[in-house]
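Undergrad: So that we are looking at the same thing, I have put the structure below in structure tokens.
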Amino acid sequence: MAKQKKILLSFVGYNDAGKLLGKKDGAILTALQNEKFDEIILLWNDAKVQGTDFRYSDIAIHIRREIKKR
């Protein structure tokens, strides 16, 4: 029997901007500190994050970079 993959599927949200906004890690990066996953799937749109100069795609790129660093 093949090993089942552990997959994290999450929407990228404002909270995930974390250090981009001078705050602590958001929910996705915090989850990755506590659990190991075989695959991570992030969902987002390219809308601007209200009240910031960021887009959700910028946050997704930030998360990807942090995952690769860690």
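The values are calculated or read from the model by the stated rules, or taken from the named source; none is laboratory data. What you are looking at is a predicted structure, and each value in this text was computed from that prediction instead of being measured. Positions of Cβ are generated from backbone atoms using ideal geometry, with glycine treated the same way; all protein chains shown enter the neighbour counts. The area values use the complete protein model at the heavy-atom level, side chains included, leaving out ligands, DNA and RNA. Shrake-Rupley method; radii C 1.70, N 1.55, O 1.52, S 1.80 Å.
Undergrad: Could you please give the count of residues in region 42-60 that are modelled with pLDDT of 95 or more and farther than 11 Å from V12 by Cα?
TA: Counting residues in region 42-60 that are modelled with pLDDT of 95 or more and farther than 11 Å from V12 by Cα gives 2.
Undergrad: Could you look through region 47-61, keep only residues that are in a helix (DSSP H, G or I) and of a type outside the set (F, W, Y), and pick out the one that is surrounded by the most Cβ atoms within 10 Å (Cβ to Cβ)?
TA: Looking at the filtered set, the residue picked out is I59.
Undergrad: With respect to K68, determine if the residue is more than 9 Å from the chain's Cα centre (by Cα) and either in contact (Cβ under 8 Å) with a residue 40 or more places away in the chain or open to solvent by 100 Å² or more (accessible area, probe 1.4 Å) (or both).
TA: Here the answer is yes, as K68 does meet what is asked.
Undergrad: Restricting to region 21-44, give me the number of residues that are open to solvent by less than 50 Å² (accessible area, probe 1.4 Å), touching a Ser or Thr at 6+ places or on another chain (Cβ under 9 Å) and within 15 Å of R65 (Cβ to Cβ).
TA: Adding up the residues that qualify gives 2.
Undergrad: Here is a further query. I'm trying to understand the selection: among the residues of region 11-20, which are open to solvent by 30 Å² or more (accessible area, probe 1.4 Å) and either small (G, A, S) or at pLDDT below 95 (or both)?
TA: Y14, N15, K19, L20
Undergrad: For I63, which of the numbered conditions (1) out of contact with any Leu (no Cβ under 9 Å at 6 or more places or on another chain); (2) at pLDDT 95 or above; (3) aliphatic (A, V, I, L, M) fails to hold?
TA: Result: I63 fails condition (1) only.
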